[in-house]
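Input: a single structure, listed below in structure tokens.
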Amino acid sequence: MPIIVRVCLLSAACLFTLSQTSCHRGPSAQVRQSMYRSQQLYNQNAELAMQRDQFQQSANALQHERDQLAMRAQTLESNLNIANKRLDNLNVERSEMQQRYVSLMKKAKGQPSPLDGEATRRFQELADKYPDFEFDPHTGVSKFHSDILFDSGSDVIKSSATEILTQFASIMNDGNAKRLNVLVVGHTDDKAISKASTQRLHRTNWHLSTNRANSVVLSLSKYGVKQDRMGAAGYSMFQPVVPNENNSARQKNRRVEIFVLAPDAVVAGWDPNPTLLN
């Protein structure tokens, strides 16, 4: 073969070999780089998937909590509606009782005293002895200023009031008076109850006035007046004897009144057919 042909063949073989070597080295580097990038993307995808699952769990927990709160809110709203209905019923009942007592008290105030001369004399002596005790001989109405019976904001009878209540009960249990009935009525001034310690026991002036009347009834019972002869009521601040313009006036309005009633007087509440509210 001629020399020139061999050289050509050799050159072609060399070029082919170099071409194959260059093609083999080039794709290997790209594959490695692609595999590394793919691994990175896989790791990032796995991390995002984990974050997605965590967010989904948090979302599920929040949804559950929201559902629980919604159910609790519905329960609270239902309980509130029931409580409001009960409060409305109590307000209606209290209003009707108030009107009933107002009507009855007007009748009682217009009646002459059922006390005989001896009982009237003894009550008058009691009033002369205690400046904070008033007695009207024309109507038989007795008034205890609250300061003589109670400390401020309290419905606990003072120990110093034992003597006057004992003497009052003694008069009501003697002679003609022992057949008579009594109605004890509590009154307050116009100041709302503000002390937390007092509010825990008496939420409003309504509570304070009725609780004080009840305390006097129980004290008279302890000193011998039968409970079936007595009744109790409270007017809160709504029956002042003078306008609540100053402390002196308010002191007069804070009082407990005791109405002495004839046995047939209905004012004391012995109604054989009372109206009951459901």
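The values are calculated or read from the model by the stated rules, or taken from the named source; none is laboratory data. These numbers were taken from a predicted model, which means no experiment stands behind them. Side chains included, ligands, DNA and RNA excluded: accessible areas come from the protein's heavy atoms. Shrake-Rupley method; radii C 1.70, N 1.55, O 1.52, S 1.80 Å.
Here the accessible area of the range 150-208 is 49 percent carbon and sulfur, with a 1.4 angstrom probe and all protein chains present. Averaged per residue, the range 113-261 has 47 square angstrom of accessible surface, using a 1.4 angstrom probe with ligands and nucleic acids left out. Each residue of the range 128-136 was assigned a 3J(HN,Hα) from its phi angle through the Karplus curve 6.51 cos²θ - 1.76 cosθ + 1.60 (θ = phi - 60°); the sequence is 5, 7, 10, x, 8, 10, 10, 9, 9 Hz, with glycine and proline shown as x. Principal axis extents of the C-alpha atoms in the range 113-261 (largest first, rounded to whole Å): 46, 29, 25.
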